[in-house]
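Here is the structure we will look at.
The values are calculated or read from the model by the stated rules, or taken from the named source; none is laboratory data. Model, not experiment: these values are computed from the prediction. Note that each Cβ is placed from the backbone with ideal geometry, even for glycine, and that neighbours are counted across all protein chains shown. These area figures cover heavy atoms from the full protein model, side chains too; ligands, DNA and RNA do not enter into them. Shrake-Rupley method; radii C 1.70, N 1.55, O 1.52, S 1.80 Å.
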Amino acid sequence: MSQRGAQQELSVDIIGDDSVSVPSHPIGVKPTGNAYNATKNLKSATGFFVALPDELIVQVLEYLDGSSLQKIGCTCKAMYAFSRLEDLWKTLCIESISSLFNWHGTWRSTYFNIPRHSVSQVSCANLFSDVLHRPFYCAHVPLLPYISNIPPSNAVPRLLDISGRDFGESWTNKPFILTSPVRAWPVYRNWSTESMLRQYGDVIFKAESVDWPLKTYVEYMNGNEDESPLYLFDRLFVEKMGLDVGKGGQYWPPDCFGEDLFAVLGDQRPDSRWLIVGPERSGSTFHKDPNATSAWNAVLKGSKYWILFPPSASLPAPPGVFVSDDQSEVTSPLSIAEWLLSFHAEARKTPGCREGICNEGEVLHVPSGWWHLVVNLEPSIAITQNFVPEAHLANVLDFLKNKPDQVSGFKKDIKNPYDLFVQKMQDVHPDLQSKIVEGLEVGQTGKKRKWDQLIDGIGELEKSHGAFSFGFGDEEEHDVP
Ligand SMILES: O=C(O)CCC(=O)C(=O)O
Ligand SMILES: [Fe+2]
């Protein structure tokens, strides 16, 4: 790591005709590797702290309040550099500042409510620390090398449009980009951050752990240098913005995706739609979508780079991502940039890898069970919706039944989402249930095993109720988050 740090400091990334390099650290901190050639090291003046690894020093500083952190930064140049770590101030800001504040370009300036340009900068040129340098490097590393030269075999297919029938027959297990369908949406024609600010500037939206008025988020979005910028991801946007969803309204799902079977749940369905707003470099780290649903993601402004991997027994997770046996715990590098730097090259060569850029007005389909990482290449506005196509009904039932601790997005008072879904499906779509049972009994191997697990209890219920039933009334009740 330290060797690589030294190389990064010295190298210049050449991209196409442009020469793009990561700027120098604002107070001159260099990667750890540079210490090997140095005659002086500021860390030696930190007394007791000199023996501690940099990670541990940061952990100690995490216990301090703002005033103590500022004071310890006055003890020597090295502690000054440590005390400037933006992540420390981000935590303090999020803990202590109400939604009414002015964004001043850095978390530290925002904490003290002072303009960024009036903050003094002391040079710490002889301090060598990956812990301090790396977040800055990751926040500025050019993305272009990672998103260009997509190998043709990895490219997500781009389709002008497809019919519902084509989707059902050929595309439910494949990512694809629809290049035309949202151009008629009023939200596509009318929305920009400026127009949204005029109409919804005071509306509070959720951006990870904060709830801010849109005007505050846009100020932050337009002027931050975070390695992992806060991402506006709001599941109640339709209600908050008073939107009409559906044909004739402000937006509607592209036709090809057909009926969403979770619609049988009415207002008891789990969270299913989100407004997503974020600056360049914001995005989503590797995950699978909730409850084995599929999704579409429509870009209204900006563009997004997607990298996806299919569900696979031989590759339980993409390179650099580690999952527990039941897939309930996912561990991966904390930031998108860190993953790109460390694992993108290997991922690109991994069988099954798919990559694509979804531009303004386009929609990307994420099939049920696929891993995906997404990074915004420009400031972006998107709407995403999760759905259950007929082809993935068995996967969703399997998930609700066999992974109850991982089921998410249902209201707290719904104790058994599986029972509820099965019951509603039986009411609205009895035809579909028998079709699936038949299909699975004919037996595509993997699925048959899955289905066998799923209907394990049905025989007993048939006996006790004397009729076919999908109900599992004697199931344990679960608290769903
Ligand atoms: O636009 C993005 O960041 C991707 C969103 C996503 O993956 C999701 O909503 O599940
Ligand atoms: Fe997702």
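A few notes on this one:
- P(r), alpha carbons of region 89-229 - 5 Å bins starting at zero, rounded %: 2, 7, 11, 13, 12, 13, 13, 11, 9, 6, 3, 1, 0
- Distance histogram in 5 Å bins (all Cα pairs of region 145-388, percent per bin): 1, 6, 13, 18, 20, 18, 13, 8, 3, 0, 0
- Computed with a 1.4 Å probe over protein heavy atoms only, the accessible surface of the chain comes to 47 Å² per residue.
- Pair-distance profile P(r), taking every C-alpha pair of the chain, with 20 angstrom steps and integer %: 21, 50, 25, 4, 0
- Sulfur and carbon atoms: percent of accessible area, region 145-388 [1.4 Å]: 50
- Kirkwood Rh and Cα Rg combined as Rg over Rh, evaluated for region 196-319: 0.98
- DSSP loop GluC sites (Glu not before Pro) with at most 10 other Cβ within 10 Å: longest gap in the chain: 1-328
- Cross-link table K174/K412; K240/K401; K288/K415; K301/K411, entries beyond 26 Å C-alpha to C-alpha: K174/K412; K240/K401; K301/K411
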